[in-house]
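First up is the structure itself, then whatever we jot down about it.
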Amino acid sequence: MNVSVDNKGFTLIEMMIVIAIVGILASIAFPSYQNVVAKSRRQDAMDVLTGLASALERYKTVNNTYEGAALGGDAPIYPAQSPIGSGTKYYDLVINHVDASSFTIQAEPISGSSQEGDGLIELASTNQRGWDEDDSGGIDSSEHVWN
């Protein structure tokens with residue numbers, strides 16, 4: 001009498017191969033995911049800077065000057081951090097320079113946040129934009145672009 005045993009399921013070797021493949025894929029995908037998240041947060045800060053620039057333009061329309069729009073370097077005409085609303089903040093918004101006819105605003109990564117070391121983002125009233133991509137503390141001539 002021949003009894004045939006029909007085994008169903010996976011062997012330990014097959015399971016280990018699947019786990020190894022998933023591990024390899026995760027090790028490739030996770031850093032890419034982190035880069036995409038950082039870029040998304042940076043883009044949000046750029047959008048918020050553009051909104052702050054619009055608020056400064058509205059202020060100038062009413063007051064015929066940018067001066068007085070911000071006292072002490074913060075932004076009372078607009079939220080002081082990005083992203084706007086609730087949740088974890090990644091950038092401080094700073095009005096770096098303001099006079100009667102021009103301004104320079106910056107989004108600085110908050111120390112201790114996951115964006116720390118990402119470099120400051122800058123927007124001027126002349127619409128000149130910059131991102132300190134190498135986080136050197138200043139925006140070089142090659143960094144006058146938002147990526």
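Derivation of every value follows stated rules applied to the coordinates shown; laboratory data play no part. Model, not experiment: these values are computed from the prediction. Here Cβ is always computed from backbone atoms with ideal geometry, including for glycine, and neighbour counts include all displayed protein chains.
Under 20 Å Cα-Cα from K39, which lysines qualify once same-chain neighbours fewer than 8 residues away are excluded?
Reachable lysines: K89.
Please give the charge dipole size of the chain, origin at the Cα centre, charges +1 on K and R Cβ atoms and -1 on D and E Cβ atoms. Round to the nearest 20 debye. Let's see the in-between values first.
Values: 8 positive and 19 negative charges, 114 e Å.
The dipole magnitude comes to about 540 debye.
Before rounding to the nearest 500, sum -39500 (n - 2.57) across all DSSP H runs of length at least 4 in the chain and divide by the residue total; then give [θ] at 222 nm in deg cm²/dmol.
Helices in the chain give a 222 nm mean residue ellipticity of -13500 deg cm²/dmol.
Skipping prolines and chain starts, which residues have an amide H placed within reach, meaning under 5 Å, of the one on N96, given they are 5 or more residues away or on another chain?
Hits under the 5 Å cutoff: T104, I105, Q106.
Take S54, project a point 7 Å from its Cα along the Cβ direction, then tell me which residues of the range 86-106 have their backbone nitrogen under 19 Å from it.
Within reach of a label on S54: 86, 93-95, 103-106.
By how many nm would the segment from N2 to D47 grow when fully extended, if each residue of separation counts as 0.36 nm and the alpha-carbon distance is taken off?
Numbers: separation 45, 0.36 × 45 = 16.20 nm, distance 7.41 nm.
Net length gain for the segment: 8.8 nm.
As an exercise, use a Förster radius of 35 Å and the Cβ-Cβ distance of T126 and Y33 to find the FRET efficiency, rounded to the nearest 0.05. Mind showing how you got there, number by number?
Numbers: r = 36 Å, r/R0 = 1.03.
After rounding, the FRET efficiency stands at 0.45.
Rounded to the nearest Å, what's the spacing between the alpha carbon centres of the range 102-147 and the range 1-72? Just the number, please.
Each part reduced to its Cα centre gives a spacing of 21 Å.
Please determine, in degrees from 0 to 90 and to the nearest 10, the orientation of helix 12-63 with respect to the longest principal axis defined by the Cα atoms of the chain, where the helix direction is its Cα long axis.
Here the helix axis deviates by roughly 10 degrees.
Could you list W146, W131 so that the one with the fewest beta carbons within 10 Å of its beta carbon is first and the one with the most is last?
Values: W146 16, W131 21.
Starting with the residue having the fewest Cβ neighbours, the order is W146, W131.
Please build a GNM for the chain, connecting alpha carbons under 10 Å apart, and tell me which residue among L123, L49, L25 fluctuates the most.
Per the Cα network of the chain with a 10 Å cutoff, L25 tops the list.
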